[in-house]
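These notes are about the structure you will find just below.
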Amino acid sequence: MNENLIIEQMGSEDWEQVREIYQQGIDTGDATFEKKTPSWEEWDASHTKQCRIAARMGEKVAGWAALSPVSNRCVYAGVAEVSVYVRQNYKGKGIGHSLLEALIEQSELNGFWTLQAGLFPENIPSLKLHYKCGFREVGRRERIGEMNGVWRDTVLLERRSSKAGVNEA
């Protein structure tokens, strides 16, 4: 990891840079089904407050990661979906790995026992990152969504915590 990289809690003051990075991911066509970035209020309402982090290089946000609940049913309170995005000109420097490892640690401290990710099979770097951080393939969701007139598959990955949600015998 770059010694100038600082990972800390993301706040509303980071939104413009976070939004810019998110839009870069959207523009690739292989990061998300989203077509445009949401407002801060929409994004804030759809992501957990305790698990959202930013990777900083000086004043620049180099990447971000956050969790979204998969359901509002209490039985799924410890299950969340992972988002990890890195600024285009910072890719390949280990920032995604640093972010995902920090997010996993933060998720376990906050009681999340299962993290999941739905990734396009064409997004090889993201698949490799998740596998490296302990995610496993659960299955492939064929033609799960339509994007620009083309039906796309996603690979469903999950990571089960060995710390959170484990009953002590």
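Which value, in Å² and to the nearest 10, is the accessible area of Glu105 when all protein chains are kept and the probe is 1.4 Å?
Answer for Glu105: close to 120 Å² accessible.
Sort Ile7, Ile124, Ile95 by accessible area with a 1.4 Å probe, largest first.
Per-residue accessible area, sorted high to low, gives Ile124, Ile7, Ile95.
Per residue, how many Å² of accessible area does the chain show with a 1.4 Å probe?
On a per-residue basis, 56 Å².
Out of all DSSP beta bridges in segment 1-132, what portion is antiparallel? Express it as a percent rounded to 5.
Taking every DSSP beta bridge with both residues in segment 1-132, the antiparallel ones total about 85 percent.
Can you tell me the relative contact order of the chain? Whole percent, Cα pairs under 8 Å, sequence separation 6 or more.
20
If you keep only loop residues by DSSP, which trypsin sites (Lys or Arg not before Pro) in segment 1-78 have at most 14 other Cβ atoms within 10 Å of their Cβ? Don't skip to the end; give the middle numbers.
Values: sites: Arg19, Lys35, Lys36, Lys49, Arg52, Arg56, Lys60, Arg73; in loops: Lys35, Lys36, Lys49, Arg73.
Here the trypsin sites (Lys or Arg not before Pro) that fit, given the DSSP loop and packing criteria, are Lys35, Lys36, Lys49, Arg73.
Give the shape of segment 58-151 as rounded, prolate or oblate, defined through the alpha-carbon gyration tensor: a ≥ b ≥ c are the square roots of its eigenvalues, a/c under 1.5 means rounded, and otherwise the shape is prolate if a/b is larger than b/c and oblate if not.
Oblate.
Using a 1.4 Å probe on the protein chains only, how many percent of the accessible area of the chain belongs to carbon and sulfur? Spell out each step's value before the answer.
Working: 4430 of 9490 Å².
C and S atoms contribute 47 percent here.
Cross-link list Lys91/Lys163; Lys93/Lys132; Lys49/Lys93; Lys132/Lys163; Lys36/Lys91: which exceed 25 angstrom alpha carbon to alpha carbon?
From Lys91/Lys163; Lys93/Lys132; Lys49/Lys93; Lys132/Lys163; Lys36/Lys91, over 25 Å: Lys91/Lys163; Lys49/Lys93.
If the only charges are +1 at each Lys and Arg Cβ and -1 at each Asp and Glu Cβ, what is the size of the charge dipole of the chain around the Cα centre, to the nearest 20 debye?
About 440 debye.
The values are calculated or read from the model by the stated rules, or taken from the named source; none is laboratory data. Quick caveat: nothing in here was measured; it's all calculated off a predicted structure. Don't worry about glycine lacking a Cβ; one is built from the backbone with ideal geometry, like all the others, and counts go over all protein chains shown. With ligands, DNA and RNA removed, areas are computed over all heavy atoms of the protein, side chains included. Shrake-Rupley method; radii C 1.70, N 1.55, O 1.52, S 1.80 Å.
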